[in-house]
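The structure under discussion appears below in the form of structure tokens.
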Amino acid sequence: MDRQQAWNLLCEYTKNENLRKHALAVEACVRAYSRKFGEDDEKWSVVGLIHDFDYEVYPNAPDHPLMGSEILKEKGVSEEIRRAILGHAEYTGVPRDTLLAKVLFACDELAGFITACSLVRPDRIATLEAKSVRKRMKDKAFARSVSREDIIKSAEELGVPLDEHIAFCIEAMRSIADQLGLTPARG
């Protein structure tokens, strides 16, 4: 599956614009890590883009991502990609035993949290820093559906200091801020 096929699949199953933006944010972070680690850009982009493609249709655990994995299997998507996607949900019990799986898990919740942090700032993501994200993580009422535990655990699994991981993902998302709706509001 190439990136265009992944985008088409995402759009077929996901009509909600915010869910599509989340997929693009995760894709940007995962792709940035693929470059950092010298991995396959296209494959890693696809994984970031489709990791939640089934969520709108199957929002309840364990249907998501198990149903999506079956759809991907029918489409001939490799086991490596399907296992990475399954591993981003703790309740599947699928171990994150590849670098790709660890990166996806590390980028998923964090991309959502960075988006939330950006949306409450007048300049959005333009000047967002890791320390601001860390401060917001302490506020349990802010973006309460985002698992702080997963953000912390995933950076540890990846072997990257949390502040460095946050800053890296902010930069990746900043590079596509216009697509994510995270550019400063025009006044």
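If Lys and Arg each add +1 and Asp and Glu each add -1, what is the summed charge of the other residues whose beta carbon sits under 11 Å from the beta carbon of THR127?
Around THR127, the surrounding residues sum to +1.
Taking 0.36 nm per residue of sequence separation and subtracting the Cα-Cα distance, how much length would be gained by fully extending the chain between GLN4 and GLU42, in nm to one decimal?
Numbers: separation 38, 0.36 × 38 = 13.68 nm, distance 1.01 nm.
So the chain would gain 12.7 nm between GLN4 and GLU42.
Under 14 Å from the Cβ of ASP41, count the other residues' Cβ atoms, weight Lys and Arg +1, Asp and Glu -1, and hand me the total.
Numbers: positive: ARG3, ARG31, ARG35, LYS36, LYS43; negative: ASP2, GLU27, GLU39, ASP40, GLU42.
Net of charged neighbours comes to 0.
So what is the calculated 222 nm ellipticity per residue for the chain, using -39500 (n - 2.57) for each DSSP H run with n of 4 or more, over all residues, to the nearest 500 deg cm²/dmol?
Mean residue ellipticity, 222 nm, calculated: -20000 deg cm²/dmol.
Of VAL47, GLN4, LEU158, which is farthest towards the positive pole of segment 3-180's charge dipole, taken about the Cα centre with +1 and -1 on the beta-carbons of Lys, Arg and Asp, Glu respectively?
LEU158
Under the Karplus relation 6.51 cos²θ - 1.76 cosθ + 1.60, θ = phi - 60°, what is the ordered set of whole-Hz ³J(HN,Hα) values for segment 53-65, x standing for Gly and Pro?
Here the 3J(HN,Hα) series is 4, 8, 4, 5, 7, 10, x, 9, 6, x, 3, 8, x Hz.
Identify, among PHE37, ALA25, ILE85, the residue whose Cα sits farthest towards the positive end of the charge dipole of segment 3-180, taking +1 on the Cβ of Lys and Arg and -1 on the Cβ of Asp and Glu, with the dipole about the Cα centre.
Of PHE37, ALA25, ILE85, it is ALA25.
How large is ³J(HN,Hα) for each residue in segment 121-138, as worked out from phi by the Karplus curve 6.51 cos²θ - 1.76 cosθ + 1.60 (θ = phi - 60°), to whole Hz, x for Gly and Pro?
10, x, 9, 6, 8, 3, 10, 4, 10, 4, 5, 5, 5, 4, 4, 5, 4, 6
Considering every Cα-Cα pair within the chain, what fraction, in whole percent, is farther apart than 24 Å?
Beyond 24 Å sits 33 percent of the P(r) for the chain.
Hey, rough spin-label estimate for ASP97 and ALA61, points 7 angstrom out along Cα→Cβ, what's it come to in nanometres?
Result: 2.2 nm between the two label points.
With +1 assigned to the C-beta of every Lys and Arg and -1 to the C-beta of every Asp and Glu, and no other charges, what is the dipole magnitude of segment 3-180 about the Cα centre in debye, to the nearest 20? Please report the intermediate quantities before stating the final value.
On the way: 26 positive and 30 negative charges, 127 e Å.
Using only the charged Cβ atoms, the result is roughly 620 debye.
If each residue of separation counts as 0.36 nm, what is the full-extension length gain between ARG35 and GLU79 once their alpha-carbon separation is subtracted?
Numbers: separation 44, 0.36 × 44 = 15.84 nm, distance 2.20 nm.
Result for the pair: 13.6 nm of gain on full extension.
Values in this text are rule-based calculations from the coordinates and carry no lab data. Because the structure is predicted, anything quoted here is derived from the model rather than measured. Cβ: placed from backbone, ideal geometry, glycine included. Neighbour counts: every protein chain shown.
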